[in-house]
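Q: Quick one: the structure is below, questions incoming.
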Amino acid sequence: MRLFMTELTFPTERARELVDITELARSAVRESRVHSGSCALYAQGATAALMIQENDDPNIALDVLECLDGLVPAGRWRHDRVDDNGAAHIQAGIIRPSETIPIRDGRLALSTWQNVFFCDFDGPRARRTVLVTITGEDA
Amino acid sequence: MRLFMTELTFPTERARELVDITELARSAVRESRVHSGSCALYAQGATAALMIQENDDPNIALDVLECLDGLVPAGRWRHDRVDDNGAAHIQAGIIRPSETIPIRDGRLALSTWQNVFFCDFDGPRARRTVLVTITGEDA
Amino acid sequence: MRLFMTELTFPTERARELVDITELARSAVRESRVHSGSCALYAQGATAALMIQENDDPNIALDVLECLDGLVPAGRWRHDRVDDNGAAHIQAGIIRPSETIPIRDGRLALSTWQNVFFCDFDGPRARRTVLVTITGEDA
């Protein structure tokens, strides 16, 4: 087994946004030349997270944000007195920064409708970072 | 360190269901003959997820489904106009498709009351798939 | 690549509590002497979980508990007739017991405000356990 590491960096453009980073992750897997193993993704930033979600219908990203804003509404948290982003921290904690996806035949083994989304709950940011740790074997 | 990969396949029987797949996962670990390491499970399908949960009381699975249906109710999402399963997608995204469980002494290191459940939020399906990626060392 | 395993054990002091275990996890990484790779943490106990969250403002832990208690209130679940801790099980299932954090330059690659919290939803307990599985390469 061997290890390949890289990072994905990209800007976000809205205050709250799901950004499809599937192609960036696929590029990292291709670059690693690992044939079989795992791709562990980790979003840095305590107001960011990763979510596997459908991508065919772009409305799902809006549904997800609307749902989370209903469950964890802005403006009612102790932390808002410090930073006014308590809801973003709580949502990021619940949704979580890491995801481990298998690699089969040199590719991310997502099913047809699964894509990888970076969730920015406190954007926009000029630069967000996802660390990529790939482990596995050659063909 | 070495790598062992397999997949678990099984049907689901209800529209919404938690299926205990602990014994299937344990079989994969035994087959791998890995003594120490990790077992990464990954549920394919954008309306499916994995959850570690108590199994002794079968009512907990019903409690979990009732809770999720209260938090993310069916029938009120943009995506429902396309597919009528928006809630299933959102629930799957929040609960997540992956889980990484340690292997100690050749066994999944779950504690006494922890079992592994496959969550089908949009069933029944003739065939659901969980990919298993085991890494570790022999005894 | 090589494997290093250990466990973190600690008491919890309240019925419901987020305990910052970042320094314990960092010690395990130092002890492993792994320079590059991953640290997989796994909380045993079906009423416990792990959450990456900000630590600078201790009020965020209270916000998280208040939020979860609003979303999954105590006292209304089938399982309460058995054990009176249904909400603790459901919350632990949603928040999840595992987290995989990259290791870079011999250190956990958390960003500035990300810390690792053990969530006890059914404490206090004299001894809680987090299993640590580190894989990676030397410098």
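The values are calculated or read from the model by the stated rules, or taken from the named source; none is laboratory data. Computed from a predicted structure; not experimentally measured. Ideal geometry is used to build each Cβ from the backbone, glycine not excepted, and the neighbour counts take in all protein chains shown. Side chains are part of the model used for accessible areas, which takes the heavy atoms of the whole protein and leaves out ligands, DNA and RNA. Shrake-Rupley method; radii C 1.70, N 1.55, O 1.52, S 1.80 Å.
Q: Please list, ordered by chain and number, the residues whose modelled amide H lies under 5 Å from the amide H of A:Ser36; skip anything fewer than 5 residues away on the same chain.
A: Hits under the 5 Å cutoff: A:Gly106, A:Glu137.
Q: To continue, here is another question. Which ³J(HN,Hα) values in Hz, rounded to whole numbers, follow from the phi angles of the stretch A:62-78 under the Karplus curve 6.51 cos²θ - 1.76 cosθ + 1.60, where θ = phi - 60° and Gly and Pro get x?
A: Computed from phi, the couplings for the stretch A:62-78 are 5, 4, 4, 5, 5, 4, 5, 5, x, 6, 10, x, 5, x, 10, 10, 4 Hz.
Q: If you don't mind, another one. Nothing charged except the Cβ atoms of Lys and Arg (+1) and of Asp and Glu (-1): what's the magnitude of the dipole of the stretch C:1-117 about its Cα centre? Round to the nearest 20 debye. Present the calculation step by step, with values, prior to reporting the outcome.
A: Values: 12 positive and 17 negative charges, 115 e Å.
The calculated dipole for the stretch C:1-117 is roughly 560 debye.
Q: Still on this structure: Would you mind checking the tilt of helix C:86-95 against the longest principal axis of the Cα atoms of chain C, expressed as 0 to 90 degrees and rounded to 10?
A: So the helix axis and the longest Cα principal axis differ by about 30 degrees.
Q: Using a label point 7 angstrom from Cα along Cα-to-C-beta, what distances in nm, from shortest up, separate A:Glu7 from the other copies?
A: 3.4, 3.4
Q: Follow-up. In sequence order, what are the phi-derived ³J(HN,Hα) couplings for the stretch B:101-110 according to the Karplus relation 6.51 cos²θ - 1.76 cosθ + 1.60 with θ = phi - 60°, rounded to whole Hz, with x for glycine and proline?
A: 10, x, 10, 10, 6, x, 10, 4, 8, 6
Q: Can you give me the long-range amide H partners of A:Thr129? Hydrogens built in the peptide plane at 1.01 Å from N, cutoff under 5 Å, separation of 5 or more residues or another chain.
A: A:Gln44
Q: Mean residue ellipticity at 222 nm from the helices of chain A, using -39,500 (n - 2.57) per DSSP H segment of n ≥ 4 over the full residue count, to the nearest 500 deg cm²/dmol? Mind dumping the intermediate values first?
A: Details: 3 runs with 34 residues, N = 139.
Calculated mean residue ellipticity at 222 nm is -7500 deg cm²/dmol.
Q: With label points built 7 Å along Cα→Cβ from the Cα atoms of C:Ser111 and C:Ala126, find their separation and express it in nm.
A: The two pseudo-label positions are separated by 4.2 nm.
Q: Another question about this same structure. Where in the stretch C:5-57 are there trypsin sites (Lys or Arg not before Pro) that are in a DSSP coil and have at most 13 other Cβ atoms within 10 angstrom of their Cβ?
A: Working: sites: C:Arg14, C:Arg16, C:Arg26, C:Arg30, C:Arg33; in loops: C:Arg14, C:Arg16, C:Arg33.
Those satisfying the criteria are C:Arg14, C:Arg33.
Q: By how many degrees, between 0 and 90 and to the nearest 10, does the Cα long axis of helix B:22-32 differ from the longest principal axis of chain B?
A: Tilt relative to chain B: about 30 degrees.
Q: Here is a further query. Run through the other copies and list how far each one's label point is from that of A:Arg127, in nm with one decimal, shortest first; the point sits 7 Å from Cα along Cα-Cβ.
A: Label-point distances to the other copies, shortest first: 4.6, 4.6 nm.
Q: Follow-up question, since we're still on this one. Counting only protein heavy atoms, what percent of the accessible surface of chain C is carbon or sulfur at a 1.4 Å probe?
A: Details: 2410 of 5400 Å².
Its accessible area is 45 percent carbon and sulfur atoms.
Q: Additional query: Quick one: which residues, 5+ away or cross-chain, put their amide H under 5 Å from the amide H of C:Asn115? H built at 1.01 Å from N.
A: Those lying under 5 Å, H to H, from C:Asn115 are C:Gln53, C:Glu54, C:Asn55.
Q: Also, I was wondering about something else. How many square angstrom of accessible surface are buried between C and A, both sides summed, with a 1.4 Å probe and rounding to 100? Intermediate values should be presented prior to the final figure.
A: Numbers: alone 8030 and 8020 Å², together 13390 Å².
Counting protein atoms only, the buried area is about 2700 Å².
Q: Classify the stretch A:25-87 as rounded, prolate or oblate from the Cα gyration tensor: take a ≥ b ≥ c as the square roots of its eigenvalues, call it rounded if a/c is under 1.5, otherwise prolate when a/b beats b/c and oblate if not. Don't jump to the answer; show the numbers that get you there.
A: Values: a/c = 4.19, a/b = 1.84, b/c = 2.28.
It is oblate, given that a/c is not under 1.5 and a/b is not larger than b/c.
Q: What does the accessible area per residue of the protein assembly as shown come to in Å², with a 1.4 Å probe and no ligands, DNA or RNA counted?
A: Numbers: 16190 Å² over 417 residues.
I get 39 Å² per residue for this part.
Q: With a 1.4 Å probe and all protein chains kept in place, how do B:Phe118, A:Phe10 rank by accessible area, largest first?
A: A:Phe10, B:Phe118
Q: Next question, about the same structure. Calculate log10 I(q)/I(0) of the protein assembly as shown for q = 0.07 Å⁻¹, where I(q) comes from the Debye formula with a single equal point scatterer on each Cα and nothing for solvent.
A: Each listed q maps to, in turn, -0.28.
Q: Okay, next question. Which whole-angstrom value gives the distance between the alpha carbon centres of the stretch A:23-96 and the stretch C:74-139?
A: 18 Å
Q: Considering only the label points, 7 Å along Cα→Cβ from Cα, what distances in nm to one decimal separate B:Gly106 from the same position in each other copy, shortest first?
A: Copy-to-copy label distances at B:Gly106, shortest first: 3.7, 3.7 nm.
Q: Compute the semi-axes of the equivalent ellipsoid of chain C, taking the square root of 5 times each eigenvalue of the Cα gyration tensor, and list them largest first in whole Å.
A: Ellipsoid semi-axes (Å, largest first): 30, 15, 12.
Q: Then there's this: Rounded to the nearest 20 Debye, what is the dipole magnitude of the protein assembly as shown about its Cα centre when Lys and Arg each give +1 and Asp and Glu each give -1 at the C-beta? Provide the component values of the computation, followed by the final result.
A: Numbers: 45 positive and 63 negative charges, 188 e Å.
Computed about the Cα centre, the dipole is about 900 debye.
Q: Then there is this: Pull out a ≥ b ≥ c, the square roots of the eigenvalues of the alpha-carbon gyration tensor of the stretch B:93-139, then state rounded if a/c is under 1.5, prolate if not and a/b is larger than b/c, and oblate in the remaining case.
A: Prolate.
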